[in-house]
Amino acid sequence: MEKGKVDVLLGLQWGDEGKGKVVDVLTPAYDAVARFQGGPNAGHTLEFEGQKYVLRSIPSGIFQGGKTNIIGNGVVLAPDLFMNEARELEKSGHPLKQRLKISKKAHLIMPTHRLLDHANEAAKGKNKVGTTGKGIGPTYTDKISRNGLRVGDILENFDCKYAACKARHMNMLKALGWNDFSSLEESERIWMEGVEYMKEFEFVDSEHEINHLIVQQKSILCEGAQGTMLDVDFGSYPFVTSSNTVSAGACTGLGIAPNRISNVLGIMKAYCTRVGAGPFPTELFDETGNKLRNLGHEYGAVTGRERRCGWLDLVQLKYSVMINGVTSLIMMKSDVLDGFDIVKACIAYRLPNGDTTDHLPYSIDNVEPIYKEFPGWLTDMTDFTNEEQFPQAFANYVEFIEQFLGVRIKIISFGPDRQQTIIRK
Ligand code: GDP
Ligand code: IMO
Ligand code: MG
């Protein structure tokens with residue numbers, strides 16, 4: 001952490017790496033936390049003092065007093081879901097309105113965006129992406145096609161702008177053959193209530209806000225959502241989300257110049273998971289996969305869907321380290337591997353033509369993982385407090401990953417609680 005600079009923290013795999021927990025652990029060292037992309041498709045879980053919270057659109061620095069939290073211009077926000085999330089936090093005693101600012105340039109997810117999300121998925125049939133159904137794709141599509149509705153629009157002539165967007169969406173829905181509007185009126189009522197609630201928050205020009213903090217020598221942590229393999233440019237397209245989840249997304253999603261970025265903190269699970277459709281080279285369909293799912297409680301924080309599970313994929317991670325310029329790694333959920341006799345990590349892919357490579361190819365549809373096997377450590381590490389306690393077999397696993405990726409693993413997490421974290425020397 002460097003004064004007058006920003007650090008970027010992001011997921012290196014397919015999301016759900018444990019970003020929420022780490023941001024919460026690291027926040028005491030920062031003056032501000034800012035979300036730069038995504039929206040309520042995210043589910044960031046934090047556990048402390050016996051309580052569990054799942055954040056969707058609100059930055060994970062919200063639980064610490066005296067910090068500024070910013071929802072940046074790159075985020076897409078659903079007023080109704082934001083209201084539910086914020087009210088829950090307020091009920092549990094967290095004074096949100098003093099701590100949170102919202103960019104006027106963030107785009108609004110409308111109820112009809114959610115219908116369009118469902119209609120697009122239905123139209124794709126068996127090729128559907130398996131989205132979270134939160135209207136993410138259609139909202140970013142409207143942004144890029146210059147038809148979007150922004151937080152700043154709430155302040156002026158909003159009803160008219162809303163009606164024009166809705167009329168456009170209704171035509172699109174008709175063209176897609178969508179005819180289920182049974183819940184639309186009620187959704188719109190709650191949504192408009194959410195818009196009124198949002199007005200109690202400070203809407204800001206977040207790019208000015210952030211650059212002002214930088215000039216004042218404050219430190220800022222930019223919190224990513226999703227993960228690098230869900231990035232719209234570099235992920236497993238088209239099975240991706242609709243935003244830039246990589247470190248460059250922090251620049252466009254907050255108005256930060258690239259030379260202001262200091263550290264890029266890359267979060268990885270000690271194994272791999274994925275929710276929704278799309279290629280996943282190390283996916284396990286056997287008992288080992290089920291064991292990872294059960295021990296890791298791998299069920300989606302947003303949709304409750306089963307997460308697909310597999311061994312760590314170092315080919316994929318090496319690519320993520322390159323794209324993001326990762327300066328430190330943070331390894332999560334290594335406790336989930338505590339009970340395995342053998343732990344595996346993919347170190348190369350065999351391509352359909354028989355060649356092998358450790359470069360992530362254009363298509364990962366039909367690659368076969370080549371594994372290195374590690375003897376398991378068979379030690380419960382959930383109460384460990386320092387790295388001197390590491391069993392040798394675990395230390396070997398960590399060292400191999402560091403050497404393969406060329407980046408040091410600075411933090412290791414052994415459980416969902418804030419306390420179950422070791423920051424290495
Ligand atoms: P995010 O979207 O990246 O913030 O991650 P999620 O919150 O969707 O998923 C991570 C899940 O793992 C949550 O249920 C966390 O409480 C939990 N978790 C985080 N770190 C650890 C860890 O080190 N060990 C275990 N067992 N669970 C963890
Ligand atoms: P966090 O921030 C895991 C996945 C969806 C789907 C694809 C596109 O908690 O890590 P979308 O609704 O974004 O259009 O869905 O992306 N997806 C996530 N998977 N974690 C997430 O967020 C995700 N956000 C979206 O399952 O495959
Ligand atoms: Mg999540």
- Task: Kindly establish whether G39 is buried (at least 24 other Cβ atoms within 10 Å of the Cβ), within 12 Å of ligand 3 (Cβ to nearest atom) and assigned by the TED database to the domain that holds T252.
- Result: no
Flagged in segment 290-307 as more than 13 Å from ligand 3 (Cβ to nearest atom) and hydrophobic (A, V, I, L, M, F, W, C), in numbering order, are L292, L295
If we keep only residues of segment 250-264 that are touching a strand residue (DSSP E or B) at 6+ places or on another chain (Cβ under 6 Å) and closer than 12 Å to V75 by Cβ, then the residue surrounded by the fewest Cβ atoms within 10 Å (Cβ to Cβ) is L254
Within segment 368-382, is even one residue more than 16 Å from ligand 2 (Cβ to nearest atom) and without any contact (Cβ under 8 Å) to a residue 12 or more places away in the chain? no
Q. Can we say E402 is touching a Lys or Arg at 6+ places or on another chain (Cβ under 6 Å) and within 21 Å of T228 (Cβ to Cβ)?
A. yes
Contact list, first residue from segment 301-315 and within 24 Å of A348 (Cα to Cα) and assigned by the TED database to the domain that holds K134, second anywhere and more than 16 Å from ligand 1 (Cβ to nearest atom) and not hydroxyl-bearing (S, T, Y), beta-carbon distance below 6 Å, six or more apart or interchain, is none
* Given the structure, is K166 closer than 20 Å to Q226 by Cα and of a type in the set (D, E, K, R)? -> no
Here the residues within segment 103-125 that are away from ligand 2 (no atom under 15 Å from the Cβ) and part of a helix (DSSP H, G or I) are P111, T112, G125
Checklist entry - Could we say that G72 is touching a residue at least 60 places away in the same chain (Cβ under 8 Å) and either at positive phi or among the hydroxyl-bearing types (S, T, Y) (or both) here? => result no
Note: among V275, V232, V264, just one is of a type in the set (A, V, I, L, M) and in contact with a helix residue (DSSP H, G or I) (Cβ under 6 Å, 6 or more places away or on another chain), namely V264
Per the list (1) part of a loop (DSSP other than H, G, I, E, B); (2) touching a Pro at 6+ places or on another chain (Cβ under 7 Å), residue check on G304 breaks on (2)
Per the list (1) out of contact with any strand residue (DSSP E or B) (no Cβ under 7 Å at 6 or more places or on another chain); (2) among the hydroxyl-bearing types (S, T, Y); (3) more than 16 Å from ligand 1 (Cβ to nearest atom), residue check on T132 breaks on (3)
Q) Is it the case that L295 is within 28 Å of R408 (Cα to Cα), within 16 Å of ligand 1 (Cβ to nearest atom) and not assigned by the TED database to the domain that holds G18? A) yes
P279 vs (1) within 16 Å of ligand 1 (Cβ to nearest atom); (2) closer than 22 Å to N366 by Cβ: all pass except (1)
If we ask which residues in segment 373-424 are among the small types (G, A, S) and either under 25 Å from L46 (Cα atoms) or crowded, with 18+ Cβ neighbours inside 10 Å (or both), their number turns out to be 2
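The values are calculated or read from the model by the stated rules, or taken from the named source; none is laboratory data. Note that the structure is a prediction, hence the values are computed from the model and not measured. Glycine gets a Cβ as well: all are built from the backbone with ideal geometry, and neighbour counts include every protein chain shown.
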